[in-house]
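Undergrad: Take a look at this one; I'll ask things after.
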Amino acid sequence: MSVFALNPIKDRRWHDLVEHHPSASIFHTGGWLQALQATYDYEPIAYTTCDPGTQLTNGIAFCLIKSWVTGNRMVSLPFADHCEPLVDLTDDRTELLDFLAQAVRKEKWKYAEIRSLRADFPREGHLEKSGSYEFHVLDLRPSLEVLFRSLHKDSIQRKIKRAERDSVRYEKGNSEELLEKFYALFLRTRRRHSLPPQPIDWFRNLNTFLRDRLTIHVALYGTQPIASILTLRHRETLVYKYGCSDAEYHNLGGMPFLFWKAIQEAKSRELQAFDLGRSDSTNPGLITFKDRLGAARSILTYGRISARRKRPNKSHKLHFAHRVFAFMPDGMLTAAGRLLYRHVG
């Protein structure tokens, strides 16, 4: 058995695999990969055991991140909460993992990372555990009435009713005007967390390449945007990817209101699941919020094939960076995001 490389943007076979494989997500699509390439100049590549010119029955997509700051590495896939290897057979997985282990040494990559949804995947082959997160998915198959009753009565249901009572307005779409409203709130939220925002070009490129699969939802009080979420859609799944808000208006319940609107629209499209994404264990507030939406929680574990087994603890560096970002004016904070995120992935 051999392993072959292909360009998942240009090779039509990858598109066909993503459209038909049951484990494929929005993060496998050409649109996501094109946005990554256009924004950060990452090099997309997929590996498969299928011969060139034949139909793809398996594959793992990566982006090569070249960085003098964080090292050269392969990630499947950058800024994706998860990206399941589209490989069903054990022999194919073994062959691909063996190939990646050899490539990490030969190409002198720092590591190759796989962000699988399968809890047992990081225990396979050459993989070592590299990170663990809380992961939530809301089952959309019950009726709207049942879904509403499953929302936490005080912190979610009550706030939705408060938003409706106070005439919080709702806008959705993917226009430049809505993107600018979203990004203003996104910058405000990142500042609140002492973090730089991803560049607005990232969101513009997602909008360009994912088109009608991307929706920006905005809650407004009068003419003032108070909260926004960005969702993506692939087949029967809606994905929550980004959220932001103005803390001065949290009492109006803008975020619960937006999630309920997104749930209602997903039901009208007959979608089956609402992927609420990953949450860091250091963010108990976000985890609790997703719990209270009635979503099922599981553990998401990433696996790496590393050039070296032990990595230094960088928590003190991150703490220092947070302190620096906290005092940057908006212009510098935005510029920092443009410079830094291409090294993160």
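Computed from the coordinates by the stated procedures, all read-outs in this text should not be read as laboratory data. Please read these numbers as outputs of a predicted model, since none were measured by experiment. We place every Cβ from the backbone using ideal geometry, glycine too, and count neighbours over all the protein chains shown.
Undergrad: Anyone know which of 282, 208, 94 comes out most mobile in the 10 Å Cα GNM of the chain?
TA: 282
Undergrad: Which listed residue (205, 71, 39) has the Cα farthest towards the positive end of the charge dipole for the chain, taking +1 on Lys and Arg C-beta and -1 on Asp and Glu C-beta about the Cα centre?
TA: 71
Undergrad: Given points 7 Å out from each Cα along the Cα-Cβ axis, report the residue 152 to residue 54 separation in nanometres with one decimal.
TA: It is 5.2 nm.
Undergrad: Over the chain, with a Gaussian network built from C-alpha contacts below 10 Å, which listed residue (254, 243, 71) shows the highest mean-square fluctuation?
TA: Per the Cα network of the chain with a 10 Å cutoff, 71 tops the list.
Undergrad: Quick check: residue separation of residue 193 and residue 280 times 0.36 nm, minus the Cα distance between them. What number comes out in nm? Spell out each step's value before the answer.
TA: On the way: separation 87, 0.36 × 87 = 31.32 nm, distance 1.36 nm.
Full extension of this stretch gives 30.0 nm more.
Undergrad: What length, rounded to one decimal in nm, is gained on full extension from residue 211 through to residue 139, with 0.36 nm per residue of separation minus their alpha-carbon distance?
TA: Working: separation 72, 0.36 × 72 = 25.92 nm, distance 2.51 nm.
Contour length minus the Cα-Cα distance gives 23.4 nm.
Undergrad: Going from the alpha-carbon gyration tensor of region 1-64, what semi-axes, largest first and in whole Å, does one get by taking the root of 5 times each eigenvalue?
TA: Working: eigenvalues 73, 37, 16 Å².
Largest first, region 1-64 gives 19, 14, 9 Å.
Undergrad: Still on this structure, please answer the following. Please state the relative contact order of region 136-300 as a whole percent: Cα pairs under 8 Å, 6+ residues apart?
TA: The normalised contact order for region 136-300 reaches 35 percent.
Undergrad: How would you rank 134, 164, going from fewest to most other Cβ atoms within 10 Å of each one's own Cβ? All intermediate terms of the calculation are to be shown ahead of the outcome.
TA: Working: 134 20, 164 13.
Ranked by crowding around the Cβ, least crowded first: 164, 134.
Undergrad: Also: What does the extension gain come out to for residue 171 and residue 250, with contour length at 0.36 nm per residue minus their alpha carbon separation?
TA: Numbers: separation 79, 0.36 × 79 = 28.44 nm, distance 1.78 nm.
Answer, rounded to one decimal: 26.7 nm.
Undergrad: Could you give the longest part of the chain that holds none of the chymotrypsin sites (Phe, Trp or Tyr not before Pro) found in DSSP loops with at most 16 neighbouring Cβ atoms within 10 Å? Spell out each step's value before the answer.
TA: Working: sites that count: 68, 327.
Answer from the scan: 69-326.
Undergrad: Taking K and R as +1 and D and E as -1, what net charge do the other residues with C-beta under 11 Å from the C-beta of residue 41 add up to?
TA: Numbers: positive: 66, 342; negative: 43.
In short, +1.
Undergrad: Also, I was wondering about something else. Restricting to Cα pairs below 8 Å that are 6+ residues apart, what does the relative contact order work out to for the chain? Please round to a whole percent.
TA: Values: 621 pairs, mean separation 80.1, N = 345.
It comes to 23 percent, rounded to a whole number.
Undergrad: Quick check: pseudo-label points 7 Å beyond the Cα along Cα→Cβ at residue 16 and residue 344, how many nm apart are they?
TA: Here the answer is 3.8 nm between the modelled labels.
Undergrad: Please work out the ratio of the alpha-carbon Rg of region 162-284 to 2.2 N^0.38 Å and round it to two decimals. The partial results should precede the final answer.
TA: Details: Rg = 14.0 Å, N = 123, 2.2 N^0.38 = 13.7 Å.
Rounded to two decimals, the normalised Rg is 1.03.
Undergrad: Using only Cα atoms, what Kirkwood radius does region 4-126 have, in angstroms? Spell out each step's value before the answer.
TA: Values: mean 1/r = 0.0686 Å⁻¹.
After inverting the mean inverse Cα-Cα distance, the result is 14.6 Å.
Undergrad: For the chain, modelled as a GNM with alpha-carbon contacts under 10 angstrom, which of 222, 31, 59 fluctuates the most?
TA: Top of the fluctuation ranking is 222.
Undergrad: For an R0 of 30 angstrom, estimate the FRET efficiency from the Cβ-Cβ distance between residue 297 and residue 2 and round to the nearest 0.05. Each step should come with its number before you reach the end.
TA: Details: r = 40 Å, r/R0 = 1.34.
About 0.15, to the nearest 0.05.
Undergrad: Using helices alone, I'd like the mean residue ellipticity at 222 nm for the chain: each DSSP H run of four-plus residues gives -39500 (n - 2.57), total over residue count, nearest 500. It would help to have the intermediate numbers written out before the result.
TA: On the way: 11 runs with 128 residues, N = 345.
Helices in the chain give a 222 nm mean residue ellipticity of -11500 deg cm²/dmol.
Undergrad: Taking neighbour Cβ counts within 10 Å as the exposure measure, how do 332, 255, 74 sort from fewest upward?
TA: On the way: 332 13, 255 22, 74 26.
Going from sparsest to densest Cβ surroundings: 332, 255, 74.
Undergrad: To continue, here is another question. For the chain, take the longest principal axis of its alpha carbons; what is the angle in degrees between that and the long axis of helix 315-326, to the nearest 10 within 0 to 90?
TA: Tilt relative to the chain: about 40 degrees.
Undergrad: Over the Cα atoms of region 156-208, how large are the radius of gyration and the largest Cα-Cα distance (Dmax), in Å?
TA: 14.1, 37
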